[in-house]
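Working notes, beginning with the structure itself.
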Amino acid sequence: MIVVMKPGATAAQIGNVIARAEQMGCQTHPIYGDNRTVVALVGDLTNVSREVFGALDGVLHTVRIQEPYKLSSRATRPEDTVIEVAGGAVQIGGPEIIVMAGPCSVESREGIVEIAHAVKEAGAKVLRGGAFKPRTSPYDFQGHGLKGLEYLAEAREATGLPVITEVMTVETLPMVAEYTDILQIGARNMQNYGLLQAVGKINKPVMLKRGMSGTIKEWLMCAEYIVSSGNKNVMLCERGIRTYETATRNTFDLNAVPFVKQTSHLPVIADPSHGTGLRELVPAMAKASIAAGADALILEVHPDPDNAISDGRQSLTLEMFAQLMHDLRRVATAVDRFVGEAPVEIAVDELMPA
Ligand code: PEP
Ligand code: MN
């Protein structure tokens, strides 16, 4: 249930709602929006009456949330959530479409610094790169671990780009959180509830990838684990699901982008690299994702994809990436958004002779 406070409700009135709800044994999550404050009540609501809360001072009305994902639901918060990365240097979920780019794995110090400069030059706002890699085979490269995190930190230092990297275990979370600006939960860990609760207690944005066999509802329930543990800065990343189709690595579920945007207030990110597995399909699906309403893209880029340690087949060359950034600007304009510099609004009277 959400308790919608009247505009201008006082802190004491909000505090009273919280105290009453906690006395009745439910968890409370106040959500402060631009136009209104709501208090979401979750947990066991059997003893909670809407009439009692509706009559409290400062309360406008109460609403029962039908969806099982209460805190992530748009019914709880009608406005889009905008997530501030690196102290607000980058905002995800606002009018700017953010492009995160970089290699699948951090391969070497020189390599990641070179890629960071190149993707920044083309307009990327966040550098991606895996230091801990979830590989299908235990004999494949597992990532450079701490060294990889240090190389990422050097690339951030050299370019000023915030970084996103995957955290695979609760044990390595403190280490990864120290180095990264966004914590990535990979598809294989979508339902690792212990890890979700642990990142829920950290004050850092989290990008939750959809599991390869996760339904949209299961994925939103996983976001709910993080948000209900205390971290509201969650973004949902569609990266393709496993179907009977084998022509592409995964089936990129573009439906999920507008579906999740409509059902949840959390930002949606598209990963057409893993979604397709084929670099020649990535530009089309990246453009389609923006047209469908994605707030950000995460793209694998490598200067020599054929010799990349992991995911080379789906990695764009630097040239392909620069061309795509150019094309994305045009698609973004068509949906009233932008990539890179904000369009300058010129007032009509400024164009008139004095
Ligand atoms: C990755 O981003 O390189 C990755 C391993 O992604 P996913 O978890 O979507 O497979
Ligand atoms: Mn990859």
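Within region 318-343, the set of residues being open to solvent by 30 Å² or more (accessible area, probe 1.4 Å) and on the phi > 0 side of the Ramachandran plot comprises just one member, Asp336. Any chance region 113-131 includes a residue that's open to solvent by less than 30 Å² (accessible area, probe 1.4 Å) and more than 30 Å from Ala332 (Cβ to Cβ)? The answer is yes; a qualifying residue exists.
Is at least one residue of region 147-158 in contact with a strand residue (DSSP E or B) (Cβ under 8 Å, 6 or more places away or on another chain), within 13 Å of ligand 2 (Cβ to nearest atom) and closer than 22 Å to Val206 by Cβ? Among the residues of region 147-158, not one is in contact with a strand residue (DSSP E or B) (Cβ under 8 Å, 6 or more places away or on another chain), within 13 Å of ligand 2 (Cβ to nearest atom) and closer than 22 Å to Val206 by Cβ, which makes the answer no.
Taken together, Asp271, Asp295, Asp253 contain a single residue that is closer than 22 Å to Arg74 by Cβ, of a type in the set (Asp, Glu), within 13 Å of ligand 1 (Cβ to nearest atom) and in the same structural domain as Met325 (by TED's automatic domain parsing), which is Asp253. For the residues Gln91, Gln27, the requirement of being touching an Asp or Glu at 6+ places or on another chain (Cβ under 9 Å) and open to solvent by 60 Å² or more (accessible area, probe 1.4 Å) singles out Gln91.
Applying the criterion of being buried (at least 20 other Cβ atoms within 10 Å of the Cβ) and part of a helix (DSSP H, G or I) to the residues of region 301-317, the residue that is nearest to ligand 2 (Cβ to nearest atom) is Gln314.
Report, by residue number, each residue of region 91-145 that is under 22 Å from Lys287 (Cα atoms), of a type in the set (Lys, Arg) and within 16 Å of ligand 2 (Cβ to nearest atom). Hit for region 91-145 is Arg128, nothing else. Within region 9-31, the set of residues being assigned to a helix (DSSP H, G or I) and among the β-branched types (Val, Ile, Thr) comprises Ile14, Val17, Ile18. Applying a threshold of 8 Å to beta carbon distances and a minimum spacing of six or more residues, or different chains, the list of pairs starting in region 56-68 at a residue that is over 29 Å from Cys222 (Cα atoms) and of a type in the set (Lys, Arg) and ending at one that is part of a strand (DSSP E or B) and open to solvent by 50 Å² or more (accessible area, probe 1.4 Å) is empty.
Only one entry of Arg279, Arg249 meets the criterion of being at pLDDT 95 or above and open to solvent by 60 Å² or more (accessible area, probe 1.4 Å), and that entry is Arg249. Within the set Val38, Val52, the sole residue that is open to solvent by less than 40 Å² (accessible area, probe 1.4 Å), away from ligand 2 (no atom under 16 Å from the Cβ) and not assigned by TED's automatic domain parsing to the domain that holds Ile216 turns out to be Val38. Whether a residue is buried (at least 23 other Cβ atoms within 10 Å of the Cβ), away from ligand 1 (no atom under 15 Å from the Cβ) and either of a type in the set (A, V, I, L, M, F, W, C) or under 21 Å from the mean Cα position of the chain (by Cα) (or both) was assessed, and Ile290 passes this test.
Can you say whether Gly43 is in contact with an Asp or Glu (Cβ under 7 Å, 6 or more places away or on another chain) and open to solvent by 20 Å² or more (accessible area, probe 1.4 Å), as far as the supplied structure shows? When the stated conditions are applied, Gly43 does not pass them. If you check Ile226, Ile185, Ile202 for being open to solvent by 40 Å² or more (accessible area, probe 1.4 Å) and not small (Gly, Ala, Ser), only one passes: Ile202. Could you tell me whether Ala296 is within 20 Å of the chain's Cα centre (by Cα) and more than 16 Å from ligand 2 (Cβ to nearest atom)? Here the answer is yes, as Ala296 does meet what is asked.
Return yes or no: is Met212 crowded, with 16+ Cβ neighbours inside 10 Å and outside any loop (DSSP other than H, G, I, E, B)? Spelling it out, it is not the case that Met212 is crowded, with 16+ Cβ neighbours inside 10 Å and outside any loop (DSSP other than H, G, I, E, B).
If I go through region 280-300 residue by residue, how many of them are over 19 Å from Gly123 (Cα atoms) and either assigned to a helix (DSSP H, G or I) or aromatic (Phe, Trp, Tyr) (or both)? Matching residues across region 280-300 total 3. Among the residues of region 69-109, those identified as assigned to a loop (DSSP other than H, G, I, E, B) and within 26 Å of Lys133 (Cα to Cα) are Pro103, Cys104, Val106, Glu107, Ser108.
The values are calculated or read from the model by the stated rules, or taken from the named source; none is laboratory data. If you're wondering where the values come from, they're calculated on a predicted model, not measured in any experiment. Cβ sites come from the backbone with ideal geometry, for glycine too, and all protein chains shown count toward neighbours. These area figures cover heavy atoms from the full protein model, side chains too; ligands, DNA and RNA do not enter into them. Shrake-Rupley method; radii C 1.70, N 1.55, O 1.52, S 1.80 Å.
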